[in-house]
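Taking it in order: structure first as C-alpha cells, then the write-up.
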Amino acid sequence: MFEPVLILIAAAFLLAGFIKGVIGLGLPTVSMGLLAVTMPPARALAIVIVPAIVTNIWQTFGGPYLRDIIRRLWPLMAGTALGIWLNAGMLTGPYARYGTITLGVLLVIYAIIGLRKFNFSVARADEKWIGGIVGLITGVVSAATGVQVIPSMPFMQAIGMEKDELVQALGMFFTVATLALAFNLTSAGLLTAATAVPGVVAMAAAFTGMFIGQAVRSRLQPETFRRWFLVAMIFWGSILPEARFIKLWLSNNRHART
C-alpha cells in the first residue's frame, strides 16, 4: 500500500465523515464514490466496511428509539441481509467491472430523488411487507456496489420517521447492511491483513470528520449543506464511470510500454 493511496483514503474518509456528522449519512456513499476512481469497488468496500460498521454502531445507540426502530424496520433489514447474501458474487465475479458504472448511476438517482423531494407515503399497515421488498432490492444493489441508500432511504423517509428517529434508524440499518457485506467480503477473501492499515487510517479520518461535522452542524443550515452535497453527488456519479475508464486505459498503456 503506497503512501499516496493512504493520503487519498484519509482525505476521502475525512470528507465522508464530515458529511455524516452534519446530515447523519453519506460515509459509504461518499467514500465509495471517491475510492472507486482509483481502485475496484470490491477493494474500496474492503476498506470502507470496518469504519462504516463502527461509525454506524455509534450512531445506532445515540438515541432512545431503538425498540421502535427494530419493530418497524426488521423486514427491511432482514430483506437487505438476504439480498446481499443472494447477490454475494457481484463484487468479485465476472460482472464486477460494471460495479463502478452502477455506482455512478445510483449516486445520480439518489441525488435527484433527494433534490426533487419526492413525497412518497407508506401507510403504517403496509410498512412491513413493502419494507421486506425494498430491503431485498436494496440488498441486491448493495452487494453489487457497496452502497445501501437506494431504495431504502426513500422508503424510510416515506414511513414518516421524525428527524432524530430517522438518524438513529439509518445507523441501525446501515449497521446490519454493512455487517452482511462484511460476511460476503470475508467469504471472498477480501478482508485480510492487507486492509488493516488502510482501515485504521480510514477509521481515524472518518471519526475526525464526524466530530468536525457535528461541531459545525449547529452553525450550518443542514438543508443548504444537504442540497449542495446532492448536487455534488450528481456531478460525481456522472463522471465516475468515465474517470474509472480513463484510469484503466492509462494503466493498460503503461503496462503495454513496459
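Ordering of 151-160, 33-42 by packing is 33-42, 151-160, highest average first (other Cβ atoms within 10 Å, averaged per residue). The stretch between residue 217 and residue 54 holds 56.6 nm of extra length on full extension. This uses 0.36 nm per residue minus the Cα-Cα distance.
If I take R0 = 25 Å and measure r between the Cβ atoms of residue 82 and residue 11 in this structure, what FRET efficiency does the formula 1/(1 + (r/R0)^6) give, to the nearest 0.05?
Numbers: r = 35 Å, r/R0 = 1.40.
So the FRET efficiency works out to roughly 0.10.
The calculated FRET efficiency for the pair residue 71 and residue 162, based on their C-beta separation and a Förster distance of 22 Å, comes to about 0.90. These residues, 49, 150, 234, go from largest to smallest accessible area, 1.4 Å probe, as 234, 150, 49. Take the Cα of residue 186, step 7 Å along the line toward its Cβ, and report every residue of segment 127-147 whose backbone nitrogen sits under 18 Å from that point. Residues 143 fall inside that zone. Per-residue Karplus couplings for segment 63-74, computed as 6.51 cos²θ - 1.76 cosθ + 1.60 with θ equal to phi - 60°, are listed in order as x, x, 9, 4, 5, 5, 5, 4, 5, 8, 10, 4 Hz, Gly and Pro entered as x.
Gain on full extension, evaluated as 0.36 nm per residue between residue 128 and residue 208 minus their Cα-Cα distance, stands at 25.2 nm. Per-residue SASA remark: residue 85, around 150 Å² accessible (1.4 Å probe; ligands, DNA and RNA not included).
With a cap of 11 neighbouring Cβ atoms within 10 Å, and only residues DSSP puts in a loop, list the trypsin sites (Lys or Arg not before Pro) found in segment 106-153. Walk me through the intermediate numbers first.
Numbers: sites: 116, 117, 124, 128; in loops: 117.
Filter output for segment 106-153: 117.
Taken one residue at a time, the phi angles of segment 159-170 give Karplus couplings (6.51, -1.76, 1.60, θ = phi - 60°) of 8, x, 6, 5, 4, 5, 5, 5, 4, 5, 5, 4 Hz. Gly and Pro are set to x. Residue-wise HN-Hα couplings along segment 21-28, as the Karplus relation 6.51 cos²θ - 1.76 cosθ + 1.60 with θ = phi - 60° gives them from phi, are x, 7, 10, x, 7, x, 5, x Hz; Gly and Pro carry x.
The values are calculated or read from the model by the stated rules, or taken from the named source; none is laboratory data. Computed from a predicted structure; not experimentally measured. Reconstructed Cβ throughout: ideal geometry from the backbone, glycine too, with neighbour counts over all protein chains shown. With ligands, DNA and RNA removed, areas are computed over all heavy atoms of the protein, side chains included. Shrake-Rupley method; radii C 1.70, N 1.55, O 1.52, S 1.80 Å.
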